[in-house]
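K.L.:
If you scroll down you'll find the structure; I have some questions about it.
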Amino acid sequence: MKVDLHIHSTYSDGSLPPAEIISLTTGKGLSIVGITDHDTGNHFPESIKEGEKSGMRVIPGVEFSTGFKDLEIHIIGYALDYRNRDLLVHLRRVRSRRLERAREILARLASKNIHIPASAPELAPENATIGRVLIARLLFNHGYVRTIEEAFDRYLGSNGTAFVPYELTDAHEVVGLIKKSGGVSVFAHPSRAELETAFDVLCEAGLEGIEAWRPAISRGLVNAIEKKASQHKLVLTGGSDWHHDGGRRNLGEFYVEKSRIADFLNLVEEKSRSRQEIR
């Protein structure tokens with residue numbers, strides 16, 4: 001059985017809504033997918049509903065952008081109670097910070113005679129995460145760049161002329177928030193530097209899993225992740241980190257076997273049962 005636990009939809013910076021993602025992956029033989037949008041849980045109801053309609057198992061999650069020392073660490077919370085009060089407060093605060101950053105980026109662009117109205121309705125879609133990809137698409141739609149990549153190279157990337165740093169939430173806080181929300185916390189696409197610097201400390205904070213398999217990862221890094229996970233008794237996951245076709249992989253081309261993530265699936269079930277018992 002084929003599984004992809006790391007997919008992005010139009011609720012953040014992906015190109016397809018959950019319904020189309022589920023339809024396409026079903027047609028390509030996947031049996032379990034994780035839709036894991038950035039800093040939002042707004043996709044949960046649609047993802048769950050469409051999964052039930054199609055018969056596919058969908059495990060929605062939130063990919064949190066967090067900070068640890070001088071690193072940006074991404075941690076996915078799977079199978080959260082997306083209505084949890086603490087989680088909703090956190091996500092509203094993050095959305096506000098993202099909107100402030102977007103307005104500052106637009107102001108810097110305006111100083112270069114690149115004008116996108118700060119009141120443009122597409123700047124702050126009600127249910128979607130506000131990020132640089134959204135602004136890159138606005139630059140493309142308004143004819144200021146020829147490609148999304150050019151928008152990042154010239155303006156929005158870390159060396160771009162309109163780049164604005166983003167205030168990240170502490171990684172320890174996010175691991176604790178995922179636990180409070182009844183979810184499973186997973187270290188997403190760790191680099192070797194992130195693994196060596198942050199992993200042990202995040203485990204002490206309560207991290208429960210780590211993403212071991214993804215496109216183009218080296219065998220040596222996979223071995224290091226598997227060794228660390230075994231030492232700390234963490235579950236393993238895998239996913240494509242898909243955003244749009246035409247990148248490193250098209251939707252459905254990358255997958256892991258269900259048997260490899262059995263411990264993760266068991267943990268998700270255990271968390272789900274615990275929440276139901278509490279209610």
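We did not get these values from a lab; they are worked out from the coordinates using the rules stated. As the structure is a prediction and not an experimental result, all values here were calculated from the model. Note: ideal-geometry Cβ built from the backbone for every residue, glycine included; neighbour counts use all protein chains shown.
K.L.:
Is the shape of the stretch 157-222 rounded, prolate or oblate, going by the alpha carbon gyration tensor and its root eigenvalues a ≥ b ≥ c, with a/c under 1.5 for rounded and a/b larger than b/c for prolate?
P.N.:
It comes out oblate by the Cα gyration axes.
K.L.:
Mind checking the stretch 41-149 for trypsin sites (Lys or Arg not before Pro) that DSSP puts in a loop (not H, G, I, E or B) and that have at most 16 other Cβ atoms within 10 Å?
P.N.:
Lys69, Arg83, Lys112, Arg146
K.L.:
What is the Cα coordinate range of the chain on the first, second and third principal axes, sorted by size from largest, in whole angstrom?
P.N.:
Cα extents, longest axis first: 54, 42, 41 Å.
K.L.:
Run a plain Debye calculation on the stretch 20-175 (Cα atoms as equal point scatterers, no solvent) and give log10 I(q)/I(0) at q = 0.09, 0.14, 0.15, 0.16 Å⁻¹, rounded to two decimals, same order as the q list.
P.N.:
-0.36, -0.82, -0.92, -1.00
K.L.:
Looking at the chain, what % of its DSSP beta bridges pair antiparallel, to the nearest 5?
P.N.:
So the antiparallel bridges amount to about 45 percent of the total.
K.L.:
For the stretch 135-279, just say rounded, prolate or oblate: build the C-alpha gyration tensor, square-root its eigenvalues into a ≥ b ≥ c, call rounded for a/c under 1.5, and beyond that prolate if a/b exceeds b/c, oblate if not.
P.N.:
Cα axes put the stretch 135-279 in the prolate bin.
K.L.:
Another question, then. Would you calculate a helix-derived [θ] at 222 nm for the chain, using -39,500 (n - 2.57) for each DSSP H run of n ≥ 4 and dividing by the full residue count, to the nearest 500?
P.N.:
Theoretical 222 nm ellipticity from helices: -13000 deg cm²/dmol.
K.L.:
Same structure, new question: Largest first and in whole Å, give the semi-axes of the stretch 92-156's equivalent ellipsoid, each being the square root of 5 times a Cα gyration tensor eigenvalue.
P.N.:
Here the semi-axes work out to 19, 12, 11 Å.
K.L.:
Taking Cα pairs under 8 Å and at least six residues apart, what relative contact order does the chain come out at, in percent?
P.N.:
Normalised by residue count, the contact order of the chain is 23 percent.
K.L.:
Going by amide H atoms built from the backbone, whose H comes under 5 Å of the H on His189, apart from near neighbours?
P.N.:
Glu211
K.L.:
Just to confirm the number: angle between the C-alpha axis of helix 171-180 and the first principal axis of the chain, 0 to 90 degrees, nearest 10?
P.N.:
Taking the Cα atoms of the chain, the angle to 171-180 is about 60 degrees.
K.L.:
Another question, if that's okay. Please give every one of the aspartates and glutamates within straight-line cross-link reach of Lys180, meaning a C-alpha to C-alpha distance under 17 Å, and leave out same-chain neighbours fewer than 8 residues apart.
P.N.:
Asp39, Glu63, Asp81, Asp86, Asp170, Glu204, Glu208, Glu269, Glu270, Glu277
K.L.:
Further, regarding this structure: Name the shape class, rounded, prolate or oblate, that the alpha-carbon gyration tensor gives for the stretch 73-112, where a ≥ b ≥ c are the square roots of its eigenvalues, rounded holds for a/c under 1.5, and otherwise prolate holds if a/b is larger than b/c and oblate otherwise.
P.N.:
prolate
K.L.:
Tell me the relative contact order for the stretch 92-156 as a rounded percent, counting alpha carbon contacts under 8 Å between residues six or more apart.
P.N.:
Reported as a whole number, the value is 28 percent.
K.L.:
Let me ask something additional. For Lys227, which aspartates and glutamates qualify as cross-link partners when the Cα separation must be under 13 Å and same-chain residues fewer than eight apart are set aside?
P.N.:
Glu196, Asp200, Glu211
K.L.:
According to a simple spin-label model (label point 7 Å from Cα along Cα-to-Cβ), what is the distance in nm between Lys227 and Glu126?
P.N.:
Taking the simple label geometry, Glu126 and Lys227 are separated by 5.2 nm.
K.L.:
Sticking with this structure for a sec: Among Lys2/Lys228; Lys53/Lys233; Lys69/Lys258; Lys53/Lys228, which pairs are too far apart, with a Cα-Cα distance over 32 Å?
P.N.:
Pairs exceeding the cut-off: Lys53/Lys233; Lys69/Lys258; Lys53/Lys228.
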